Amino acid sequence: MQQVRTVIVINDFDYITGGAGQIAINTANALVERGLHVIFFSAVSDPARNDLSGGIERYSTDQKDILNNTNRLGAFTQGLWNQQSARLLRSILAKTDARTTVIHLHTWIKALSPSIGKVLAASDIPVVCTLHDYFTGCPNGGFYNFQQEKVCHLRAMSFSCICTNCDVRNYGHKLWRVARQKVQLHLGKIPKEIRHFIAPTKLCEKILRPYLPASAAIHLLSNPVSRTLPGRPKADVSSDRFLFVGRLSKEKGVDIACAAAALVGARLTVIGSGPMEGMLQEKYPQINFSGWLSPEKVSEEMLHARALLFPSVWYETQGLVVLEAFSVGLPVIVSDQCAASEYVTPENGFIHTAGDIGDLAAKIKLLLTDAGRAETMSRHAHARYWERPLLRETHIDGAMAIYEQMLNEKDPI
């Protein structure tokens, strides 16, 4: 039986820019701590950032991501097919021992492009892809119609899908995304030449299963919850304040959270920023908008709140902030549309109808007027989470088991 000695981690950025990057980088750092040789491959690098451990072998094409590339024609072509990333990845794989190496693919849409898929397909090194989003199936990455502001149930890349303007910008950009998706499917061979996938939730697996190879193995493995505070502190839910944490955009349901809190006169602190920030600040002067805070500060805010509101109106792939809330015993109110609802029981929170301001307001009022129920939910959430905590060590144990399976199987797709 072969032992994994080298893991090649692939991600658009070699520093943390969001949830996917945080998981990719934390995984790489944890693998080095376990004595593995880790190679980190990216397109966008920032040497001034120290997110990656010094023991990691780093390679980058040192490009801009397509959103921040001021050469728009260059960004247009890079997003479809990044020749530089394909060339550099090919050279890295050529000098790597396939017998003891696995590849963990995280993100490629924002900078690396589908070109890396063709390189991976030509290699003998086994690949696992974590499903951080829905780009393996959907051209806009979310199965969400931004124009109609609702979940899209069309078959991705069908004639009806292609003819529908669902893009957050305009239909022209949707057509570019369709072109990229076709390139990804047919030239980049993503996902059809990848055998292993990691889904953080059952909903993520269910939504993407029809778009993955029939024989692909989908491993259910939750993303880890970062421990930002020492010990196992529990929230003091005697506070009458509720929290929203996330990007301030329509699909996250922040406007629903604000409207529902205002409807019942509940205090609300909104942590995050985004395109709706200015409008919401003007409409709800009584709500505290704090902007983005450090992970440590977010955890501290959770220790002094009644509950977390997570009213997302699109699927999400997980909703890790809900698990972070449970880790400090903070009850939650989550929409029935999103993957995070999988974690909610009557003992640790409420599920509300997605998009329904009245239903969310009613659930807020239940916790606002019943301190005893809030405390009972808090104790239960805290106890249940710490029975099986979703820490980095647990996540790495699961990832290593998948790596070993990949390396020692012989069945083709």
Within the stretch 204-217, the residues that are touching a Ser or Thr at 6+ places or on another chain (Cβ under 8 Å) and either assigned by TED's automatic domain parsing to the domain that holds Gln318 or part of a helix (DSSP H, G or I) (or both) are Cys204, Leu208, Tyr211
Just one of the numbered conditions (1) assigned to a helix (DSSP H, G or I); (2) on the phi > 0 side of the Ramachandran plot is not true of Lys182; which one? (2)
Does the stretch 351-366 include one or more residues that are within 30 Å of Pro230 (Cβ to Cβ), crowded, with 19+ Cβ neighbours inside 10 Å and not polar (S, T, N, Q)? no
Can you tell me which residue in the stretch 143-157 is nearest to Cys338 (Cα to Cα), limited to those that are without any contact (Cβ under 8 Å) to a residue 60 or more places away in the chain and of a type in the set (A, V, I, L, M, F, W, C)? Cys152
Conditions (1) surrounded by 19 or more Cβ atoms within 10 Å (Cβ to Cβ); (2) outside the structural domain of Ala24 (by TED's automatic domain parsing); number of the one not met by Ile402: (2)
Members of the stretch 24-57 found to be without any contact (Cβ under 8 Å) to a residue 40 or more places away in the chain and touching a Ser or Thr at 6+ places or on another chain (Cβ under 8 Å), listed by number: Ala28, Asn29, Val32, Glu33, Leu36, His37, Val38, Ser45
Got a sec? Which helices (runs of 4 or more DSSP H) wholly within the stretch 245-340 have at least 1 residues that are crowded, with 18+ Cβ neighbours inside 10 Å and small (Gly, Ala, Ser)? 254-264, 295-302, 320-327
Among residues belonging to the stretch 368-399 that are under 21 Å from Pro331 (Cβ atoms) and of a type in the set (Val, Ile, Thr), point out the one that is surrounded by the most Cβ atoms within 10 Å (Cβ to Cβ). Thr376
Would you pick out the residues in the stretch 234-283 that are within 19 Å of Ser312 (Cβ to Cβ) and polar (S, T, N, Q)? Ser249, Thr269, Ser273
Examine the stretch 393-402 for a residue that is in contact (Cβ under 8 Å) with a residue 12 or more places away in the chain, closer than 24 Å to Ser226 by Cβ and in contact with a strand residue (DSSP E or B) (Cβ under 7 Å, 6 or more places away or on another chain), and state whether such a residue exists. yes
Are any of the residues in the stretch 166-176 in contact (Cβ under 8 Å) with a residue 60 or more places away in the chain and either small (Gly, Ala, Ser) or crowded, with 22+ Cβ neighbours inside 10 Å (or both)? no
Meets criteria (assigned by TED's automatic domain parsing to the domain that holds Ala43 and at pLDDT below 95) for Asn69: yes
Cβ-Cβ distance below 9 Å, separation of 6 or more or different chains: which pairs start in the stretch 88-110 with a residue that is at pLDDT 95 or above and end on one that is among the acidic types (Asp, Glu) and crowded, with 22+ Cβ neighbours inside 10 Å? His106/Asp12; Thr107/Asp12; Trp108/Asp12; Ile109/Asp12; Lys110/Asp12
Suppose we filter Phe41, Phe76 for residues that are surrounded by 17 or more Cβ atoms within 10 Å (Cβ to Cβ) and closer than 30 Å to Val178 by Cβ; which single one remains? Phe41
Please list, ordered by first then second residue, the pairs with beta carbon atoms under 6 Å, 6 or more apart or interchain, first in the stretch 304-323 and at negative phi and in the same structural domain as Ile351 (by TED's automatic domain parsing), second assigned to a loop (DSSP other than H, G, I, E, B) and polar (S, T, N, Q). His304/Ser239; Ala305/Ser239; Arg306/Ser239; Val313/Gln337; Gln318/Thr201; Gln318/Asn223; Leu320/Asn223
Cβ-Cβ below 6 Å, separation at least six or inter-chain, first residue in the stretch 244-267 and at positive phi, second of a type in the set (S, T, N, Q): which pairs? Gly253/Ser312
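The values are calculated or read from the model by the stated rules, or taken from the named source; none is laboratory data. No experiment lies behind these values; they were computed from the predicted model shown. When we count neighbours, we look across all protein chains shown, and the Cβ atoms used for this are built from the backbone with ideal geometry, even at glycine.
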